[in-house]
Amino acid sequence: MNKSTPSAFITGASSGIGKAICLRLAADGYRLGLAARRVDELEDLAATIRSKGGEAEVFRVDVSDTAAATEAVRAADDTFGGLDLVIANAGVGRQRWAGKARFSDIEPTLSVNVMGAAATLVAVLPRMVERGRGHLVGVSSLAGYRGLPKSAAYSGSKAFLRVFLEGLRVDLRGTSVAVTDVQPGFVRTPMTDDNKNPMPFLVEPEVAADHIARGIARRAAVVSFPWQLATLVRGSQALPNGVWDRALGKATV
Ligand SMILES: NC(=O)c1ccc[n+]([C@@H]2O[C@H](COP(=O)([O-])OP(=O)(O)OC[C@H]3O[C@@H](n4cnc5c(N)ncnc54)[C@H](OP(=O)(O)O)[C@@H]3O)[C@@H](O)[C@H]2O)c1
C-alpha cells in the first residue's frame, strides 16, 4: 500500500452521495476506506476504484453500533497508516407525521445520524491531534436549520450534527485538524427516490460530490449547496415561528 498518498474513511459509501464522493476522491488520488452495512455494494465500488488504478478497502459496519463504528475507523486508521480524512456521511431519514409518531420510528434516525456520526467523527480524533494532521467532515443537511414537516427527528438530528461540528471546529482551532460541515439541499439518491413532495433545486450526486470535494480541498468550515436553497433556508431563520408554522404545518397523516 502506497502510504504517501492521502487516505479517507467514509461511512455510507454504498450508495448515493457517499458513493459519489468516493469515486470523486479516488479520482483525486485518495486511498479509501469504504464503510456501510451492504458489503456487496461496497465490494463492487472497491472493484470499480481498483479497476481505475485506485486503492480501496471495505469495512462492513453498522454505525448505530457505536463501538463497532469506533473500531472500524481505528482499523482503517491502522490500515492506511494514519487517516487524513474521516467523513461521517451515513444517514437515514423517514417521514412521519408527529401525531402518529412512536419512539421506535425516531430511534433509528437518532442512532445513525446522531450517535453513529458522533462516534465516527471522534474515533481517531485524538490520534489526528497528536499527529498534527487530519480533517473531519460531517454530512448534515439544510434540513437542520428549522423543523420540517413530518421530519422532526431528521431535522433535529441534522441540527445536532451541524452544531456538533461547529463545536469541534472551535475546539480544534490551532491543532491542524480541520472540520467541515457539509449541508446539502435535495440530492437525487435512494433517500429521496420515494419523496413525493417538491424538491426545489434538486442536484445529481456527482454535482454534490463536486461541491464536497472542492470544499474538502480548501478545508472549508461549511459547504452548503445549491446556493439558491441555502440562501432561502438561512433566510428562513429570520421568520417568526407563527409565520413558519402557518407556512409549513398541516395536521395530516
Ligand atoms: N439526498 C438528499 O437529498 C440529502 C440531503 C441532505 C443531506 N443528506 C444526507 O446525505 C447523507 C447520505 O444520504 P444519501 O442521500 O446518499 O442517501 P442513501 O443513498 O440512502 O445513502 C445512505 C447511506 O448511509 C448508509 N447507512 C444507513 N444506515 C447505516 C448504518 N446503520 N450503518 C452504516 N451505514 C448506514 C447506507 O448504507 P447501508 O444501507 O449499506 O448501510 C448508505 O450508504 C445522509 O447523511 C443524508 O442525511 C441527503
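The values are calculated or read from the model by the stated rules, or taken from the named source; none is laboratory data. These numbers come from a predicted model, not from an experiment. Counting neighbours? That spans all protein chains shown, and the Cβs are built from the backbone with ideal geometry, glycine included.
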Margin query: Within region 35-58, does at least one residue satisfy the condition of being assigned to a helix (DSSP H, G or I), farther than 19 Å from residue 215 by Cα, of a type in the set (Asp, Glu) and away from the ligand (no atom under 15 Å from the Cβ)?
Written below: no
Margin query: Any residue that is touching a Ser or Thr at 6+ places or on another chain (Cβ under 9 Å), at pLDDT 95 or above and of a type outside the set (D, E, K, R) - is there at least one of those in region 168-178?
Written below: no
Margin query: Whether any residue in region 93-108 is within 12 Å of the ligand (Cβ to nearest atom) and in a helix (DSSP H, G or I) is what I want to check.
Written below: yes
Next item on the list: Scan region 119-150 for residues that are within 21 Å of residue 220 (Cβ to Cβ) and in a helix (DSSP H, G or I) and jot them down.
Entry: 120, 121, 122, 125, 128, 129, 142, 143, 144
Next item on the list: Within region 161-182, identify whether any single residue is part of a loop (DSSP other than H, G, I, E, B), among the aliphatic types (A, V, I, L, M) and within 29 Å of residue 115 (Cβ to Cβ), and answer yes or no.
Entry: no
Notebook entry, point to check: Taking into account only those residues within region 4-26 that are near the ligand (Cβ under 6 Å from one of its atoms) and hydroxyl-bearing (Ser, Thr, Tyr), which is nearest to residue 210 (Cα to Cα)?
Noted result: 15
Next item on the list: Mind counting the residues in region 116-142 that are within 12 Å of the ligand (Cβ to nearest atom), within 15 Å of residue 89 (Cβ to Cβ) and either over 17 Å from the mean Cα position of the chain (by Cα) or among the hydrophobic types (A, V, I, L, M, F, W, C) (or both)?
Entry: 4
Next item on the list: Would you point out which residue out of 176, 151, 224 is closer than 24 Å to residue 125 by Cβ and either buried (at least 20 other Cβ atoms within 10 Å of the Cβ) or under 18 Å from the mean Cα position of the chain (by Cα) (or both)?
Entry: 224
Item checked: Test result for residue 249, more than 16 Å from the ligand (Cβ to nearest atom), among the small types (Gly, Ala, Ser), within 23 Å of residue 94 (Cα to Cα) and touching a residue at least 12 places away in the same chain (Cβ under 8 Å) -> yes
